[in-house]
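The values are calculated or read from the model by the stated rules, or taken from the named source; none is laboratory data. All values derive from a computational prediction rather than experimental measurement. Note: ideal-geometry Cβ built from the backbone for every residue, glycine included; neighbour counts use all protein chains shown.
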Amino acid sequence: RRRVGVLVSGSGSNLQALLDAAAAPEAPFEIVLVLANRPDAYGLERARLAGIEARLIDHRSFAGRETFEAALDAALREAGVEIVCLAGFMRVLTAGFVEGWTGRMLNIHPSLLPSFRGLHTHARALAGSCAVAGCTVHLVTPDLDAGPVVVQGLVPVLPGDTPESLAARTIEVEHRAYPRALAMLAEDRVRLEEGRATLADERPGERLLL
Ligand code: GAR
């Protein structure tokens, strides 16, 4: 089973979905380390409750991004991590860090990329009168929220939706999309070719959650 490290900043509900999926006997991955950059990240507590090593690496106690990221990287490598999952990790990572994990780092983003990179995705989908919203799990590249897509989940926008109601509907789909994408990577089925992610032996619809 592939050894996975998860980076969180907040509630960690996506981390929980990965922990729950890892508990299945057939799971091709195990979560071995959870790192948070904020002391109040509930994800730290979720990890401890699951018996997983959890560490706070507070970005505010470092002089700059490089030293902060060096501490993240050292913790991941010391734990023998093979795949990194960003799960509501709200610090931008430099190219130097990202390039050390090329093809082995996933992020989940609450929009159908390439629409709505960055923040406030649900408000922007509503402002654009989108009929469909969703989430994306993608490989991380130095360009923020622009890496190759692995799995996407569709979410209808309903009359009267607010950013909060749309976020609540979207996160349910995130919790299904992230374990699926991680399993694909852990099974070594995801290939990076000319900036695109291709999936070995892809079955129709496998990368799409409805
Ligand atoms: C999720 O909706 C995730 O997609 C989003 O933060 C939330 C974290 O929730 N990520 C981003 O916006 C990344 N830019 P969680 O802590 O409960 O998993």
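When A123 is tested against (1) under 21 Å from W101 (Cα atoms); (2) modelled with pLDDT of 95 or more, just one condition goes unmet, and that condition is (1). In summary, A41 fulfils each of the numbered conditions (1) out of contact with any helix residue (DSSP H, G or I) (no Cβ under 7 Å at 6 or more places or on another chain); (2) more than 16 Å from the ligand (Cβ to nearest atom); (3) farther than 15 Å from L76 by Cα with the single exception of condition (2).
Among the residues of segment 154-210, those identified as in a helix (DSSP H, G or I) and hydrophobic (A, V, I, L, M, F, W, C) are L166, A167, A168, I171, V173, A177, A181, L182, A183, M184, L185, A186. For segment 62-85, the set of residues classified as out of contact with any helix residue (DSSP H, G or I) (no Cβ under 8 Å at 6 or more places or on another chain) and of a type in the set (A, V, I, L, M, F, W, C) consists of A63, A70, A71, A74, A75, L76, A79, V81, listed by residue number. Of the strands (runs of 3 or more DSSP E) that lie entirely inside segment 41-153, those containing 1 or more residues that are of a type in the set (D, E) and more than 27 Å from E193 (Cα to Cα) span 53-56. Restricted to segment 111-139, and to residues that are surrounded by fewer than 24 Cβ atoms within 10 Å (Cβ to Cβ) and under 13 Å from the mean Cα position of the chain (by Cα), which residue is farthest from R189 (Cα to Cα)? Across segment 111-139, the extreme among qualifying residues is S111. Just checking, does segment 151-174 include any residue being more than 27 Å from I31 (Cβ to Cβ), surrounded by fewer than 22 Cβ atoms within 10 Å (Cβ to Cβ), in contact with a Pro (Cβ under 7 Å, 6 or more places away or on another chain) and not acidic (D, E)? No, segment 151-174 contains no residue that is more than 27 Å from I31 (Cβ to Cβ), surrounded by fewer than 22 Cβ atoms within 10 Å (Cβ to Cβ), in contact with a Pro (Cβ under 7 Å, 6 or more places away or on another chain) and not acidic (D, E).
For segment 22-32, indicate whether the set of residues that are within 15 Å of the ligand (Cβ to nearest atom) and part of a strand (DSSP E or B) is non-empty. Looking through segment 22-32, at least one residue is within 15 Å of the ligand (Cβ to nearest atom) and part of a strand (DSSP E or B).
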